Amino acid sequence: MMTRPQQGRTHRLTRPSIAIAAAVAVTAGVVAAAPDAKTAEPTPKLSLIAASTSVTLDSWKDDPGVYLDLGTYLTSENGAFELKVTRKSYKDPVVATQVLRNGKKTTTKALPAGLVKDFSGLPGFAQVSVTDAAGKTVLKQTEAFCPNNASGRIRPDAPAQSKYPQSCPVNPFTLGSVWGVENGWASNTYAGYYAKPVQLAAGTYTAKISVTKKYRDLFGIANKPQTVKVTVRERSWEEEEGSGSAPRSAAPQSAKSAAGTQGHAGHAGHGGHEGHQRAADAPAASAHAAHGAPARPEAPAARTTGAAPTFNVGHGPYPPAPPALPWALKKESLQRQAFSAAKVGDRPGQTDGSRQAPGAKANAKRPTGKATVPDVPKPDLRSLPAYGITVSDGYEDVPGKDYLAFSANVWNAGPAKLVVDGFRSPGKELMDAYQYFYDSNGKQVGYTPTGTMEWDPRPGHEHWHFTDFASYRLLKADKKESVRSGKEAFCLANTDAVDYTVKNANWHPGNTDLSTACGQENSISVREVLDVGSGDTYTQDLPGQSFDITGLPNGTYYIQVLANPENRLKETNHKNNSALRKVVLGGKKGARTVKVPAHELVNAN
């Protein structure tokens with residue numbers, strides 16, 4: 001199975017300094033005047049702590065660099081630390097609001113304008129300074145902080161589970177997110193996937209980590225820097241394998257999305273390459289173990305676009321994220337220059353809470369009786385503008401052609417989740433698909449036939465696709481169709497946290513994993529779900545999925561992402577199913593180019 005060139009990651013935007021002296025805007029729920037001590041609303045007490053006074057980090061000879069996961073955490077006591085991050089539309093900037101909860105009473109406080117530019121975290125939150133054994137400063141940098149980062153409880157009476165999402169989304173067209181550190185919990189300040197490895201020679205160092213002044217002032221964090229002794233070890237795979245002992249540790253990466261998500265992230269092939277890379281890498285690791293050589297450490301999964309930890313490598317332009325805890329994963333040999341999803345979950349010696357979720361179960365039998373569409377909440381499918389747009393050749397499949405590849409996302413704005421069951425009749429290749437409806441108590445109250453599901457037998461796919469979920473078209477400048485993508489069947493999974501601020505958004509969707517969400521060849525029934533607030537990204541990068549532009553003249557076109565094209569699925573609104581993204585084609589045959597203008601304030605191709 002061929003591998004697809006990884007598309008560009010979302011770059012962090014430069015952020016101007018914030019004038020904390022400016023007055024903090026306050027919403028109607030909070031009194032503007034300073035309240036006295038007796039009437040003041042309780043606010044979470046935030047503190048910076050270090051899990052250990054010393055850490056050992058590895059620098060690999062094959063790809064030297066040290067990932068500065070120094071084990072510092074932001075704790076929240078006296079209530080949860082919660083931020084709501086939104087934008088009204090792509091014409092509006094991203095704004096952040098702190099949410100304060102006191103029993104049933106909720107108040108909000110708007111944070112300074114311009115504090116955040118995207119949904120990946122609080123920029124410039126942590127200051128890191130590293131000195132060598134002689135006391136010379138060899139590194140000084142700031143790092144962003146995602147409150148949804150790798151986290152855990154700091155006291156036994158804290159809530160057993162954090163209610164907040166497990167990563168920060170990075171899909172460029174994210175609309176809303178919720179960030180939080182649960183009461184009695186701590187969240188890793190390490191920037192994870194967003195941080196670049198730093199160059200430190202083998203030796204001993206002292207790292208000083210602090211919260212920058214603007215955030216200390218904004219959130220009332222005490223100025224108590226943490227000091228951590230750092231030992232850098234230089235290592236190579238040849239030496240480790242030659243010694244006959246397995247490496248003790250490797251550079252972990254914490255959950256940073258996102259991805260959630262998010263990255264968002266597309267299924268490893270929710271485009272053309274739907275094979276899980278972990279399966280491709282597994283034989284090599286097993287072979288080493290079988291011959292007595294040390295097994296390679298499990299690879300770190302990269303980020304998602306923020307829906308949740310996922311096992312789908314390469315789904316969309318953003319690879320998937322690590323699970324909740326940074327120590328759950330280890331760095332794969334950089335000799336191989338490949339990442340695969342890690343084997344994560346609760347097992348002896350590892351309890352990270354990120355076990356692979358089982359697939360949602362379809363109803364035991366296909367529905368009987370009269371089909372009805374009751375007057376209950378329904379999903380609202382919406383399309384995001386295309387992104388990850390590139391020009392490619394036909395690979396070895398169709399050489400000599402030019403194709404326009406892209407990623408597309410259809411998401412559910414709620415207020416009800418989309419539930420589709422497929423049922424197989426003996427001897428038939430297609431499943432009959434039904435959409436189900438539920439009342440406010442979660443009781444199933446109706447169903448309607450909604451097309452079919454088909455089995456995709458291609459290596460790396462091998463799961464059931466629901467037909468008529470979306471279609472993709474390349475329109476001419478006059479908005480008339482020019483080319484249509486051959487992609488028309490989809491396995492639904494919650495890969496991207498598009499807007500977790502909508503009503504009934506599920507911050508912990510279950511079916512983020514294709515290997516459980518889409519059934520097996522011998523399945524008699526399948527349930528596929530698109531939860532409220534989440535979207536499903538597909539990457540159209542193979543001939544038949546991407547647009548054949550070989551014979552098209554240069555000029556302006558629009559990529560149309562169209563949800564529910566035949567209106568077979570029942571929704572609250574069918575008028576917001578289409579999204580357009582302008583592109584400008586240029587160049588000559590065999591060397592075509594594409595320019596992607598900004599979509600309002602979103603400048604991401």
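The values are calculated or read from the model by the stated rules, or taken from the named source; none is laboratory data. Owing to the predicted nature of the structure, the values given are computational and were not obtained by experimental measurement. Cβ: placed from backbone, ideal geometry, glycine included. Neighbour counts: every protein chain shown. Quick note on the areas: whole protein, heavy atoms, side chains included, nothing else; ligands and nucleic acids left out. Shrake-Rupley method; radii C 1.70, N 1.55, O 1.52, S 1.80 Å.
Going by accessible surface with a 1.4 Å probe and the largest first, Trp185, Trp507 read Trp507, Trp185. Excluding ligands, DNA and RNA, the accessible surface per residue across the range 106-197 is 33 Å² with a 1.4 Å probe. Placing +1 on each Lys and Arg Cβ and -1 on each Asp and Glu Cβ, with no other charges, gives the range 91-157 a dipole about its Cα centre of roughly 360 debye.
The amide H of Gly414, built 1.01 Å from its N in the peptide plane, has Asp380, Gly533 as neighbours under 5 Å, considering only residues 5 or more places off or on other chains.
Note on Ala591 and Asp63: with the Förster distance fixed at 41 Å, the Cβ-Cβ geometry gives a FRET efficiency of about 0.80. With a threshold of 26 Å on the Cα-Cα distance, the over-threshold entries among Lys117/Lys479; Lys84/Lys214; Lys365/Lys417; Lys91/Lys479 are Lys117/Lys479. Just how far, in whole angstrom, is the range 174-200 from the range 517-587 if you go by their alpha carbon centroids? About 31 Å separates the Cα centre of the range 517-587 from the one of the range 174-200. With a 1.4 Å probe rolled over the protein heavy atoms of all chains, the accessible area of Arg216, Arg235, Arg568, Arg382 falls in the order Arg568, Arg382, Arg216, Arg235, largest first. If R₀ is 35 angstrom, what is the calculated FRET efficiency for the pair Lys163 and Leu601, using the beta carbon separation as r and rounding to 0.05? For R0 = 35 Å, the calculated efficiency reads 0.70. For a paramagnetic label modelled on Lys196 (point 7 Å from Cα along Cα→Cβ), amide N atoms under 13 Å away belong, within the range 49-79, to 65-66.
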